[in-house]
Amino acid sequence: MFKKYLYIILFIVAIIGLSYVQYQYFRIGLNLAGTQFNENMGAAAKDIKRELQGKNELTFLVGSAISKNDLSFRLSMDSIQDASIYFMDEFLQDKLLSHGIKTGYGFSLYEKDSAAYLSSKDSFTNEDKLLRYPIILEGYLPDLLGKRLTLELQFENVNRYFLSQLNGLTIPSIIFLFIIIFVIVWVYRAFYLQMNLITTTNEFINNLTHELKTPVFTIGVATKILEEKGREDEKELISMIRKQVDKLKGQIDKVLELGSIEGKRGFINRKEVDLKPLLSEFSSNFEQVSKLENFEFTYDLKGASYEVLADVYHLENAINSLLENARKYSRERAVINLRAFKEGKYLMIEVRDSGIGISADDLKKIFDKYYRVSDGDLHSVKGYGLGLNYVKRIVHLHKGKIEVKSAVNEGSTFVLKIPLLKND
Ligand code: ADP
């Protein structure tokens, strides 16, 4: 659960981090665009200043318009004024374009502290935010008027212009960021749905096998009694039923174990439970089996309750595996003891037998998948070598530990340590 949130938090942090980095790049981009604009403007201003220095058609027309001299033209003063605004605009536009400046602009030609002589017709909505580039004119025009003349270029919304220049980068980066978010959310959703499906399927398998166990156990006990007390001519039939029931019982136990081999996690579903009543019922059932099957089983469950976080199906199955092993790996009549008690923050479940025992070398390997201790060249007892591996995995998924003590011919003791919800 914690890991799930950790992934989500990491993902959100990464996206915020990535967006912040993008934003910083974007700001750097804007600054660069600004610097480039200033450089281009500087070069354009130099060009404009140089071309307006001498006497040419444009400067003559503008000169006539601002000195209100209509002698050279057969036109009204207003028309001369309009024509000079028009040609000045054409001239400036051409200069700006040739320096890579494509944004809208306005201009104003004025003498310091007096009304403008000429102004472009563009009206700006927000005069305060205008970016102004004054060019102090030299040569023909100021000389004609005998005054200092300034040609001011004005730009509005330069930031929007810079943005439009960066659009080639910002829009794709925003799109890619959204694609990343979309894909990750989509994958996560698919994964989550899949996990839910696995959990539900496993819960179903666990429930089903558990429900099957009780009737199979009862049929087993009943046939055993019939085998002993039934009519002679029926015995063969009864023994056939019993064999099949035993087989079925073995298969049911394996279903749970095999299910756990496929998926690493997700097959276990822990809930808060009191294991005491479950262990009592389980032990008393096993005691009945021991009487019928002629082996010795004793149990001792200390304390009033065992509050733990557990998947009861799998934990019960794990204990069952230990008990079955204790039974299987005994040469003579098996003597098995099950004990449960609390020790510190753990519930200890101990299965002790007086069987054949395990050598120190084998002890290191018995929890490996498919490992079986060989008995000479043959295996005299049937098995897949999966039981103890399963038990170990279940115990680890319960955040517990498994310990084993054994010596050849001296029996074995397996201890499961399952964390308690409350310490005593
Ligand atoms: P399986 O019983 O199917 O062979 P397990 O994983 O349960 O597989 O056990 C692995 C091996 O450990 C067994 O083959 C057996 O040799 C040994 N073993 C397990 N439990 C005991 C026991 N209680 N006493 C002696 N040997 C055991």
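The values are calculated or read from the model by the stated rules, or taken from the named source; none is laboratory data. Everything quoted here is computed from the prediction, not taken from an experiment. Quick reminder, even Gly has a Cβ in these numbers, built from the backbone with ideal geometry, and neighbours come from all protein chains shown. Only protein heavy atoms, including side chains, enter the accessible area calculation; ligands, DNA and RNA are left aside. Shrake-Rupley method; radii C 1.70, N 1.55, O 1.52, S 1.80 Å.
Observations on the structure shown:
- Value at 222 nm in deg cm²/dmol, rounded to 500, when DSSP H runs of n ≥ 4 in the chain each add -39,500 (n - 2.57): -20000 deg cm²/dmol
- Counting only Cβ charges, +1 for Lys and Arg and -1 for Asp and Glu, the dipole size of region 267-316 around its Cα centre is about 80 debye.
- As computed over the chain, the Cα convex hull volume per residue (Å³): 259
- Rounded to the nearest 20 debye, dipole of region 123-195 from Cβ charges on Lys, Arg, Asp, Glu: 340
- For the pair residue 8 and residue 231, a Förster radius of 51 Å applied to the C-beta separation gives a FRET efficiency near 0.15, rounded to the nearest 0.05.
- Straight-line reach from residue 3: taking Cα to Cα under 26 Å and skipping same-chain neighbours fewer than 8 places apart, the lysines in range are 264, 271, 345, 392, 399, 401, 417, 422.
- Placing unit charges on each Cβ (+1 for Lys and Arg, -1 for Asp and Glu) gives the chain a dipole about its Cα centre, and among 48, 140, 86 the Cα reaching farthest toward its positive end belongs to 48.
- On Cα atoms only, tilt of 312-328 relative to the major axis of the chain in degrees: 40
- Student exercise, the chain dipole from Lys, Arg, Asp, Glu Cβ charges, in Debye to nearest 20: 1020
- Region 282-363 - Rg over Rh from alpha carbon coordinates, Kirkwood radius: 0.99
- Relative to the longest principal axis of the Cα atoms of the chain, the long axis of helix 158-229 makes an angle of roughly 10 degrees.
- Selection from 406, 172, 118 lying farthest towards where the dipole of the chain points positive, charges on Cβ: 406
- Options 208, 194, 222, ranked by Cα towards positive dipole end of region 184-242, top entry (Cβ charges): 194
- Between the Cα long axis of helix 235-262 and the first principal axis of the chain there is an angle of about 20°, rounded to the nearest 10.
- Size descriptor for region 286-424, Kirkwood hydrodynamic radius: 15.6 Å (Cα pairs only, one decimal).
- Using a probe of 1.4 Å on the protein chains alone, the accessible area found for residue 396 is around 100 Å².
- Remark: for residue pairs 55/147; 4/365; 243/382; 4/254, the C-alpha separation exceeds 23 Å in 4/365; 4/254.
- Separation of region 1-42 from region 133-152 is 45 Å, based on Cα centroids.
- Formal net charge of residues neighbouring residue 46 (Cβ-Cβ distance under 12 Å; K, R +1; D, E -1): -1
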